[in-house]
Amino acid sequence: MTKPLIIANWKLNMTQKQSSEFIKDFAEKVKASQNQVDIILSAPFTSLETVVKALTNNGLEKVTVASQNVSEHESGAFTGEINTEMLKEIGVQAVIVGHSERREIFNETNETIKSKSKKVLDSNLKLIFCCGESLETREKDETDKWIETQIRSAFNDLDFSKVENDQIVIAYEPIWAIGTGKTCDSIEANRVIQNIKDLIKNIFPASLANSTRVLYGGSVKPSTIEEQMAQTAIDGALVGGASLKANDFADIVNFSTKAVLNA
Ligand code: PEP
């Protein structure tokens, strides 16, 4: 049985004070299930270090902290950027790359995402790689082709020799379901995720493909998680809006383990 992975993506929310308060509340509610589920909190840059420290202070050392972005560059004249060394220095262990908001609002191309993914892996950080189609692509019945292109363009010619098993996580996030309250039907999400798992078997070395967890993201809520986690291929969830309240996010974490244990 694959251990579920639940990721919070706080986006442009959560000051240091709010982050500390969240973790205090959250810790109380997930202490009992923290060995059955992997949890990642993805905070804005200014709250990352606070989150790392607050997790330790509240007995949640196993929870990983992720950045929502990173530069593909090493150092130099790139005003406003943060590199992987800076993240590692403050205890960050993972980075989200390819989120649709970065692709659409900040014009990140498949090429940029490929460079960032490589940089994250070369820096021994966990890569949380997002992919997903727009409503237009889905209505044209081009979802599978679109996702294959996104995945192949990042990974086709990557040198996997130094990539550890479980260093890559893929999140399937249909854009039309992100922040809209519309979740993708669980059976359809499961179908796409199974396709992704079949596809990476042709790209990744076998042990890496088998250890890569593929998550669903898009308006996940406490009321949807049990059904999503009961699907055969879905290994966890990437949660935006519902990760901002400690109660809701703790319910998602706790329900995810219950669903997997009952499956
Ligand atoms: C996300 O931020 O990746 C996301 C899935 O957001 P939401 O859960 O709000 O749809």
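For segment 197-236, the residues whose backbone nitrogen is under 17 Å from a point 7 Å from the Cα of Asn13, taken along Cα to Cβ, are 217-225.
Sequence-distant contacts, meaning Cα pairs under 8 Å at least 6 residues apart, place the relative contact order of segment 196-247 at 35 percent. If you roll a 1.4 Å probe over segment 5-261 with all protein chains in place, what percent of the accessible area is carbon or sulfur? Carbon and sulfur atoms account for 49 percent of the accessible area of segment 5-261.
Peptides 108-114, 135-141, 249-255, ordered by how many other C-beta atoms sit within 10 Å of their residues on average, highest first, read 249-255, 108-114, 135-141. The modelled label-to-label distance for the pair Gln194/Phe45, using points 7 Å beyond Cα in the direction of Cβ, is 4.3 nm.
For Ile7, the residues whose modelled amide H falls within less than 5 Å of its own, excluding neighbours fewer than 5 places apart on the same chain, are Ile40, Ala237, Leu238, Val239. A 1.4 Å probe run over the protein chains yields, for the chain, 46 Å² of accessible area per residue, whole-number rounding.
Would you kindly state how much longer the chain becomes between Thr232 and Glu74 on full extension, computed as 0.36 nm times their sequence separation minus their alpha carbon distance, in nm to one decimal? Working shown, then result.
On the way: separation 158, 0.36 × 158 = 56.88 nm, distance 3.98 nm.
Roughly 52.9 nm would be gained on extension.
Between Glu21 and Ala206, the modelled label-to-label distance comes to 5.3 nm, taking each label 7 Å out from Cα in the direction of the beta carbon. The heavy atoms of Lys3 offer some 80 square angstrom of accessible surface to a 1.4 angstrom probe.
Relative to the current alpha-carbon distance between Ile90 and Lys140, full extension at 0.36 nm per residue lengthens the span by 13.6 nm. In this Cβ point-charge picture (+1 for Lys and Arg, -1 for Asp and Glu), segment 76-225 has a dipole of about 300 debye about its Cα centre. For the residue pairs Lys3/Lys162; Lys116/Lys145; Lys62/Lys182, the C-alpha atoms sit more than 27 angstrom apart in Lys62/Lys182. Can you bin the chain into rounded, prolate or oblate? Criterion: square roots of the alpha carbon gyration tensor eigenvalues sorted a ≥ b ≥ c, rounded for a/c under 1.5, prolate for a/b above b/c, oblate for the rest. Rounded.
Taking all protein chains together, Arg191, Arg103 sort by accessible area into Arg191, Arg103, largest first [probe 1.4 Å]. Cross-link partners for Lys114 among the lysines, with Cα-Cα distance under 16 Å and sequence neighbours closer than 8 places in the same chain left out: Lys126. Once the Cα-Cα distance is subtracted from the 0.36 nm per residue extended length, the Glu148 to Ile105 segment shows a gain of 13.3 nm. Please list, by residue number, everything in segment 161-196 whose backbone N is under 16 Å from a paramagnetic label point 7 Å out along Cα→Cβ of Ser223. Counting backbone N atoms under 16 Å from the label point, the list is 179-186.
So for Ser115, Ser219, what's the accessible-area order with a 1.4 Å probe, most first?
Working: Ser115 50, Ser219 25 Å².
Per-residue accessible area, sorted high to low, gives Ser115, Ser219.
Once all protein chains are placed together, Phe78 keeps about 80 Å² accessible to a 1.4 angstrom probe. About its Cα centre, the dipole of the chain is roughly 520 debye, where the only charges are +1 on Lys and Arg Cβ and -1 on Asp and Glu Cβ. Accessible-area rank, largest first, for Trp176, Trp146: Trp146, Trp176, with all protein chains present and a 1.4 angstrom probe. Distance between Cα centroids, segment 1-43 to segment 210-263: provide it in whole Å. Each part reduced to its Cα centre gives a spacing of 12 Å.
The values are calculated or read from the model by the stated rules, or taken from the named source; none is laboratory data. As the structure is a computational prediction, the values presented were derived from the model and not from experiment. Neighbour counts run over all protein chains shown; Cβ positions are idealised from the backbone, glycine included. SASA here: full protein model, heavy atoms, side chains in, ligands and nucleic acids out. Shrake-Rupley method; radii C 1.70, N 1.55, O 1.52, S 1.80 Å.
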